[in-house]
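Below is one structure, written out as structure tokens; the observations come after it.
None of the figures in this text is laboratory data; all of them are computed from the coordinates on show. Remember, predicted model here, so these are calculated numbers, not experimental data. So basically every Cβ, Gly included, is an ideal-geometry build from the backbone, and we count neighbours across all protein chains shown.
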Amino acid sequence: MGRMKRTKEEMEEFTLDPNMPVFTTGVVCKILDIPVWILKQLDAEGIVCPPRENESQARLYSQKEIQKLHRCWFYIKVHKVKIPGLKVILRMEKEKG
């Protein structure tokens, strides 16, 4: 069998759209070292709500959502902020822009 030859373009790195939902709940938990119940609570509270086509499908998070979850987890874990306080902080961050 011959060796496959690839063009330079085929070997270049690709980029992932930061808004593309591709990371499962389990992967997010491992990346951020965050309990799954926190993800569920933040979803239920409307803070980080990954899209689902229907209720039986798994949540899939984008890189942007993971970054937001990372900030949320920092406030919750390090600063002991509760959900109402977290909502205020996030609203203030958004307004500051």
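Observations
- In degrees, nearest ten, helix 63-77 long axis to first principal axis of the chain (Cα): 40 degrees
- With a cut-off of 17 Å on the backbone N, the residues of the range 19-43 near the modelled label site 7 Å out from Q57 along Cα-Cβ are 19-26.
- Rounded to the nearest 500, the helix-only mean residue ellipticity at 222 nm of the chain stands at -15000 deg cm²/dmol, with each DSSP H run of n ≥ 4 adding -39,500 (n - 2.57).
- Label of the coordinate-derived value, Cα extents along the principal axes in Å, listed as (1) 62, 25, 20; (2) 35, 28, 22; (3) 62, 35, 24: (3)
- Dipole orientation for the chain: of the candidates P21, Q57, L69, L69 has the Cα lying most toward the positive pole (charges on Cβ; Lys, Arg +1; Asp, Glu -1).
- In degrees, nearest ten, helix 83-96 long axis to first principal axis of the chain (Cα): 70 degrees
- Vicinal HN-Hα couplings computed from phi for the range 49-60 (Karplus, 6.51 cos²θ - 1.76 cosθ + 1.60; Hz; Gly/Pro x): 10, x, x, 9, 5, 8, 4, 7, 8, 6, 6, 10
- Near Y61, the amide H atoms lying under 5 Å from its own belong to V22, F23, T24; only residues 5 or more places off or on other chains count, and H is placed 1.01 Å from N.
- Residue-count net charge about K77 - beta-carbon cut-off 14 Å; Lys, Arg +1, Asp, Glu -1: +2
- Where a label projected 7 Å from the Cα of M20 along Cα→Cβ would reach, residues of the range 40-64 with amide N under 20 Å: 50-53, 58-64
- Residues of type lysines that K80 reaches as a straight line, Cα spacing below 19 Å, ignoring anything fewer than 8 places off in the same chain: K40, K68
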